[in-house]
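Report on one structure; see the data block that follows.
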Protein chains: 4
Amino acid sequence: MFKVAILGATGYTALELLKLLRRHPFVEVVAVTSRENTNPIAVVHPSLTGQYDVNCENLKPTDLAERGVDTVFSCLPHTATAAVAPELLELGMKVIDFGADYRLNSAEVFNKWYNVTHPDPDRVPNTPYGLPELFRDQIKGARLVANPGCYPTSAILPLAPLLKNDYISPDDVIIDSKSGVSGAGRKPSLKNLYPECNEAISAYGVGTHRHTPEIEEILMNASGREAKVVFTPHLTPMDRGILTTTYSKPLKSATQEELLAYLREFYENEPFVQVVDALPSTKDVIYTNRCHITVRVVGPRVVTVSVIDNLIKGAAGAAVQNFNLIHDLDETTALI
Amino acid sequence: MFKVAILGATGYTALELLKLLRRHPFVEVVAVTSRENTNPIAVVHPSLTGQYDVNCENLKPTDLAERGVDTVFSCLPHTATAAVAPELLELGMKVIDFGADYRLNSAEVFNKWYNVTHPDPDRVPNTPYGLPELFRDQIKGARLVANPGCYPTSAILPLAPLLKNDYISPDDVIIDSKSGVSGAGRKPSLKNLYPECNEAISAYGVGTHRHTPEIEEILMNASGREAKVVFTPHLTPMDRGILTTTYSKPLKSATQEELLAYLREFYENEPFVQVVDALPSTKDVIYTNRCHITVRVVGPRVVTVSVIDNLIKGAAGAAVQNFNLIHDLDETTALI
Amino acid sequence: MFKVAILGATGYTALELLKLLRRHPFVEVVAVTSRENTNPIAVVHPSLTGQYDVNCENLKPTDLAERGVDTVFSCLPHTATAAVAPELLELGMKVIDFGADYRLNSAEVFNKWYNVTHPDPDRVPNTPYGLPELFRDQIKGARLVANPGCYPTSAILPLAPLLKNDYISPDDVIIDSKSGVSGAGRKPSLKNLYPECNEAISAYGVGTHRHTPEIEEILMNASGREAKVVFTPHLTPMDRGILTTTYSKPLKSATQEELLAYLREFYENEPFVQVVDALPSTKDVIYTNRCHITVRVVGPRVVTVSVIDNLIKGAAGAAVQNFNLIHDLDETTALI
Amino acid sequence: MFKVAILGATGYTALELLKLLRRHPFVEVVAVTSRENTNPIAVVHPSLTGQYDVNCENLKPTDLAERGVDTVFSCLPHTATAAVAPELLELGMKVIDFGADYRLNSAEVFNKWYNVTHPDPDRVPNTPYGLPELFRDQIKGARLVANPGCYPTSAILPLAPLLKNDYISPDDVIIDSKSGVSGAGRKPSLKNLYPECNEAISAYGVGTHRHTPEIEEILMNASGREAKVVFTPHLTPMDRGILTTTYSKPLKSATQEELLAYLREFYENEPFVQVVDALPSTKDVIYTNRCHITVRVVGPRVVTVSVIDNLIKGAAGAAVQNFNLIHDLDETTALI
């Protein structure tokens, strides 16, 4: 039985993680933290009533070590994880970070996009990117894993294989994503108020969203060449789910059927990625750890459409998948 | 042309009022106020872009008088209107209050339910209740009108006629209301966050909602006897609309057809109340100033179902209807 | 390993059942039936992609027996299950019926409310009502179980305990329920079209809904006296979830705290019923097999508020719970 | 007073048209047609209760002429309008077609995309495209107008001005549109069922949507060169509204501010097009005849974001705007 702690337990990703961990036969949640909230977790998240008997606490790394925590899931805001990760690791704990602190290859790029100074720059280039479908081997031995962003997961899974085999060019990729509102977090603000979001779709962060460099780095990794991405996220009136439509230039001639067959083969042993013929809906994958992908050839463009649950495959589910990998458990444990 | 001002212009009821007033041929909006916001109204409410060229300002009654304001629509929180209404009236302006300050018959009852001290207690018992279908004559000559609450409007319109003719008893009335989330206002809080409200229905204020005494007083007025109401509001995952289901005891025998015919006759000259045979949906009336009502006899109970738009017939539309009445205009101006 | 079949596999309850059974360690789905559809189940329900390798088939009871089916889950319309259940039972299979065919005590009452002639009247009075919290002992030994209706589950769980201890009277119970649209089924019709249901709440079947006699019979069973129910269902703009608000007359004096304590004790060993202090939201229980209940005393009435997922605790989850019981498995298997 | 008829009055666009015409001081609706429905229009559309006293009828052009109809709004499916338009025109009536029959420049292209034989090919190239912002002069004198498609309206309004001034290239335009479900019509089918569409976003018609040639022709008209469009529509969980995001290649260097200023000047006298600085939401324009547009420069691409109400500016509102133009009325009549 692995004892785990969740840092920053009051938000939506932590809630999903707690729901998944209820089904995990080898996990015991021994601590859930919050800077200010001291309520029972079932008061913070009423859907956990009768499921967990644990209160939010403001805990230090040494407190977690004393409780025998093996792995820390951190749902803290950016830079907050990197501020405590070194001590957690030094105390012998493993860390899975839901945030962006260790996703990029360089602290400098991070500092530029996040407009901060990274508290733990040296670990940035050496931390595996926690997308098992592409980086399983690096994750397996890791003690610190950077869980991918939700948008990047939805965009990379269809694009990386096509880039790896030079089907498409990395230098003019348009990524148009549509996300449910849970992606905007649980902190009240005018922009995520029900009557503002309901019956409304809007673009945000056009050209400036912080997931852009993350996507570009992983696509570059796949293609071996610099990737140039135009990324537009949209806030969609639904709780959860991301649908990402991408538009790329072909590098070599291939029919739609060939591309579908190639993707199907690429992912044939993956339990959580399904290549489908029909155009997928977010509804096909919400509340699951799965990604459905299809591809179309439209005139001068290769178009991919992919769907995930932003809170599961895009966050908590991927974290459990990574947890299973670093502990050498069946990768699908608690995720079916 | 009547010059009007709107106090507290940043919320949803003020927005609806501004939309309606755009269609009013005899109204000019000369001031919109906010304590803190100083933005153009089209920045506060982007749906007004190109419609109004006016900024939010923090204005005093004398400022409004200087601009020649004839009528003030107040969307301020409770007690805030009563704090300024005396001066506004003294300066010669008319006041239509969206809030509860002048709805009840007694300041004492108000103080008890709202847990405050009413700033203008003497006007409370003498202010007409702005539901034209029941109190048109009092409203016509008034300089101060108390616009009804949204829930009360939806409950009183079906029940008052049945009580007036002793079809039902006033002493055991159950009112189960379902409202869209705009009724919770535009101030960000966890309870009206999109991911909390979406795909969710919940009851709130069971037995304690402040619209209870308002409903009881008007039902008492209709029946001539004390009314006892059990009122349960529910937050429903939709922008707007209230559906109210009531359950009453019959006082005398009447078939469903008789009750329908009676209600139809009662409201036959009303432009904004339609008695319908089929069970109505909120969708039939949202974005309008209308109320649809039907009635059923179910075993030992008379059941009414009524629907309104909480922001229009339940707020801004009723206010314009009252405005038209006090200015002796066609009551339907700007409301078709 | 128990081999199971699902009759009528193209609808929403069958989909939920298939999702739950994926997590059941002792179940193998060997047949899914449809009269007309012959597609792979993942084409019928894209969210099952990669989960099941089985096609819809039009199968007879003998076909199922040949495949070694142990238990049949029937999601067929009313009377269709009772038309095949006798043969299925005779062939040695167990049957869990999602429909109403065996829920009532008498085929006569069934015939009256459903306006048909029951094909298997003799089994009607002897079939246990599959609500484990009240009828666990009868279910345990059964070979045929009548899975409860979704509305009845939401109303009976709060009311039956209060009736059993004479806290409330059974002869004037008002039940106002709000259900997500999945309860209306997957057959296209104007009434369940997106633009008709979205941003809309409406009542339907006022005084005529077929769940009324089912509720009355079980409440009568609980109180020992005839129960008289006024039941109003409402179609609510959300996928799933039922919130039921009930209004009853107290039979003896009891405070809200006493009623809460009594209910908490009544359900203290139940894994799927939680008595909560705060007013619950459907969101607290959707996608789970749980029911949250609270109670309030409001003037002359006892008010209960309860929430379930109509497709899980109100259908597929209850069916799995019953399956576990009749096979002497841990009742929570596949339901956490 | 102009007498008008609406052909195909049972759908959503006809409903919106009827709502708008209620506010039109110079219009009398004397006929609403349906092939099969003979109900009062308020039974077909309950939101029209008390607004219109007219029944659906199956009427021939001569019937309409006998009633003195001046203008026919046709909401019939494609080819159905072109089958009756010649006779309507010959009888002296004017026709505004909501469908695609007369939108393209050539009947051949129409036949290819719609896989039919156009019943009235000669009028196709000579009928003005009813987008007043671009073709006001042609519309003014017309007796037959082709009301634009909803997606084309949302895409053309931001793109055409940029093409006219050679800011962007017409040969690699990506158009990613998100529409509310009302765009899928009112005919029940699995794909527009509430539980299929709610909490779900999906792409459809990728590379094959029939609005593609319509967009390409008008963009070609604006740029003077062949336009090549990749168009992807998405079904979004909301009633109404379209948000269109476009990605184009710049032809000459221009800053974001220059593009905004240019668009603002281009549309400065248009009552229904507003160029805005902030990223717009569909919520800013639903239930209005307005289009909000903004533009961004993102790396190698010009990105536009535009929003309309698909049923109003994308259908019924544009039709009224065209009606006003061909009758030399104030273009905004009934549209404020």
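The values are calculated or read from the model by the stated rules, or taken from the named source; none is laboratory data. Here the structure is a predicted model, which means the values were calculated and not measured. Note: ideal-geometry Cβ built from the backbone for every residue, glycine included; neighbour counts use all protein chains shown.
Computed values, structure above
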read-out: Residue among A:Ser154, A:Ser189, A:Ser179 that is buried (at least 24 other Cβ atoms within 10 Å of the Cβ), within 14 Å of chain B (Cβ to nearest Cβ) and of a type in the set (Gly, Ala, Ser); value: A:Ser179
read-out: Within the range B:101-131, tally of residues that are surrounded by fewer than 24 Cβ atoms within 10 Å (Cβ to Cβ), of a type outside the set (Val, Ile, Thr) and in a helix (DSSP H, G or I); value: 11
read-out: Qualifying residues in the range B:19-43 (those that are part of a helix (DSSP H, G or I) and touching a strand residue (DSSP E or B) at 6+ places or on another chain (Cβ under 6 Å)) - the one farthest from D:Thr332 (Cα to Cα); value: B:Ile41
read-out: Selected residue [part of a loop (DSSP other than H, G, I, E, B), hydrophobic (A, V, I, L, M, F, W, C), more than 8 Å from chain D (Cβ to nearest Cβ) and surrounded by fewer than 24 Cβ atoms within 10 Å (Cβ to Cβ)] from A:Ala142, A:Ala160; value: A:Ala142
read-out: Test: D:Asn324 is away from chain A (no Cβ under 14 Å) and within 21 Å of D:Phe135 (Cβ to Cβ); value: yes
read-out: Positions within the range C:160-185 being touching a strand residue (DSSP E or B) at 6+ places or on another chain (Cβ under 9 Å) and acidic (Asp, Glu), in sequence order; value: C:Asp172, C:Asp176
read-out: Residue list for the range D:292-313, filter: facing another protein chain (nearest Cβ under 8 Å), buried (at least 24 other Cβ atoms within 10 Å of the Cβ) and under 22 Å from A:Asp171 (Cβ atoms); value: D:Val303
read-out: Flag for C:Ala254 being modelled with pLDDT of 95 or more, closer than 21 Å to C:Asn289 by Cα, surrounded by fewer than 23 Cβ atoms within 10 Å (Cβ to Cβ) and among the aliphatic types (A, V, I, L, M); value: no
read-out: Residue match in the range C:222-236 (condition: of a type outside the set (A, V, I, L, M, F, W, C), on the phi < 0 side of the Ramachandran plot, part of a helix (DSSP H, G or I) and surrounded by fewer than 24 Cβ atoms within 10 Å (Cβ to Cβ)); value: yes
read-out: Any hit, the range B:210-225, residues being within 11 Å of chain C (Cβ to nearest Cβ) and under 22 Å from B:Ser106 (Cβ atoms); value: yes
read-out: Some residue of the range B:278-291 being more than 14 Å from chain C (Cβ to nearest Cβ), small (Gly, Ala, Ser) and within 21 Å of D:Leu15 (Cα to Cα); value: no
read-out: Condition met for B:Ala278 (closer than 17 Å to B:Arg22 by Cα, in contact (Cβ under 8 Å) with a residue 12 or more places away in the chain, touching a helix residue (DSSP H, G or I) at 6+ places or on another chain (Cβ under 8 Å) and hydrophobic (A, V, I, L, M, F, W, C)); value: no
read-out: B:Ala82 being under 30 Å from B:Pro40 (Cβ atoms) and assigned to a helix (DSSP H, G or I); value: yes
read-out: One residue from B:Val43, B:Val54, B:Val27, B:Val32 being over 12 Å from B:Met93 (Cβ atoms), free of Cβ contacts under 8 Å to residues at least 12 places away in the same chain and of a type in the set (A, V, I, L, M); value: B:Val43
read-out: Whichever residue in the range B:237-262 is part of a loop (DSSP other than H, G, I, E, B) and more than 19 Å from B:Ser177 (Cα to Cα) and, among such residues, is nearest to the other protein chains (Cβ to nearest Cβ); value: B:Thr255
read-out: Filter result (free of Cβ contacts under 8 Å to residues at least 60 places away in the same chain and in contact with a Ser or Thr (Cβ under 8 Å, 6 or more places away or on another chain)) within the range B:94-114; value: B:Val95, B:Asp97, B:Gly99, B:Asp101, B:Tyr102, B:Asn111
read-out: Hits in the range D:215-247 - residues which are within 19 Å of D:Asp309 (Cα to Cα) and of a type in the set (D, E, K, R); value: D:Asp239, D:Arg240
read-out: Filter pass, C:Asn192 being closer than 28 Å to C:Val44 by Cα and over 20 Å from the mean Cα position of the chain (by Cα); value: yes
read-out: Given (1) closer than 17 Å to D:Ile308 by Cβ; (2) in contact with an Asp or Glu (Cβ under 8 Å, 6 or more places away or on another chain); (3) within 14 Å of chain A (Cβ to nearest Cβ), index of the condition D:Gly149 fails; value: (3)
read-out: Search result, residues across the range D:164-207 that are in a loop (DSSP other than H, G, I, E, B) and among the β-branched types (Val, Ile, Thr); value: D:Ile201, D:Val206
read-out: Unique residue being more than 9 Å from chain B (Cβ to nearest Cβ), acidic (Asp, Glu) and in contact (Cβ under 8 Å) with a residue 12 or more places away in the chain when the list is C:Glu265, C:Glu270; value: C:Glu270
read-out: Selection count, the range C:1-36, where residues are buried (at least 17 other Cβ atoms within 10 Å of the Cβ) and either more than 18 Å from C:Ala316 (Cα to Cα) or among the basic types (Lys, Arg) (or both); value: 1
read-out: Boolean, A:Thr245 is modelled with pLDDT of 95 or more, crowded, with 22+ Cβ neighbours inside 10 Å and farther than 28 Å from A:Pro77 by Cα; value: no
